[in-house]
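Everything on this sheet refers to the single structure shown next.
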Amino acid sequence: YMSNGTRMSQEEKEEMKKTKSVIYWLFAAYVLLMLWLLFGQRMGVTAPGTYWDQISSRINLIPLHTITEFWNNLHGGGRSHAFINLAGNVVMFVPLGFFIPYVFRKADSFRHSMIYALITIVCIEIIQLVTLLGSLDVDDLILNMIGVVIGYLIYRLAARLLKGTTHE
């Protein structure tokens, strides 16, 4: 049954099954791409200093500190790096906001989707820090969550536009 109470034809069920399969494959591809972007491309890159020196230099727990630095760089030198960092941290997580409520049915509500995303992003930040494949930056979390919210809104809009169909 569709959410408007009408019964689905066999054709509609098959089409929905195909769509669901495509979305799950896209989700798998997204996860692999994110693993490569967040961890894989940095493997083998080393920095001087002890492990703990590197850890301490890769932590930012001051909200808007890194964002402000990059924002200021947008108006001076280093524009492309600043833009890529700011926009990239948002754009890379838009698909996550779309996929979470679709793939994890219990996370269909805004609140649950945001909790799933927050846990995922915090885990990513911690793994990047302890493996020295990135940093732990509260500003990354802020920008990533903005992307997740945008993705969730796109998911909701798509669900509305598809009128009465569900992903169940």
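Taken over the stretch 104-152, the criterion of being in a loop (DSSP other than H, G, I, E, B) and farther than 22 Å from ILE59 by Cα is satisfied by PHE104, ASP108, SER109.
Could you tell me whether any residue of the stretch 151-162 is among the aromatic types (Phe, Trp, Tyr), in contact (Cβ under 8 Å) with a residue 12 or more places away in the chain and surrounded by 17 or more Cβ atoms within 10 Å (Cβ to Cβ)? Scanning the stretch 151-162, I find at least one residue that is among the aromatic types (Phe, Trp, Tyr), in contact (Cβ under 8 Å) with a residue 12 or more places away in the chain and surrounded by 17 or more Cβ atoms within 10 Å (Cβ to Cβ), so the answer is yes. Taking the stated definitions as given, is LEU64 at positive phi and within 24 Å of the chain's Cα centre (by Cα)? Against the criterion (at positive phi and within 24 Å of the chain's Cα centre (by Cα)), LEU64 qualifies. Scanning the stretch 93-112 for residues that are more than 15 Å from the chain's Cα centre (by Cα) and modelled with pLDDT under 90, we see that the one that is least open to solvent (accessible area, probe 1.4 Å) is ASP108. If only residues of the stretch 36-50 that are part of a helix (DSSP H, G or I) and more than 18 Å from LEU143 (Cα to Cα) are counted, the one that is nearest to the chain's Cα centre (by Cα) is TRP36. Report yes if some residue within the stretch 3-17 is assigned to a helix (DSSP H, G or I), open to solvent by less than 50 Å² (accessible area, probe 1.4 Å), under 18 Å from LEU162 (Cβ atoms) and at pLDDT below 90; otherwise report no. Yes - at least one qualifying residue is present in the stretch 3-17.
The values are calculated or read from the model by the stated rules, or taken from the named source; none is laboratory data. Please read these numbers as outputs of a predicted model, since none were measured by experiment. For neighbour counting, all protein chains shown are included, and Cβ atoms are generated from backbone atoms with ideal geometry for every residue, glycine included. Heads up: the accessible areas ignore ligands, DNA and RNA and are worked out on the full protein's heavy atoms, side chains in. Shrake-Rupley method; radii C 1.70, N 1.55, O 1.52, S 1.80 Å.
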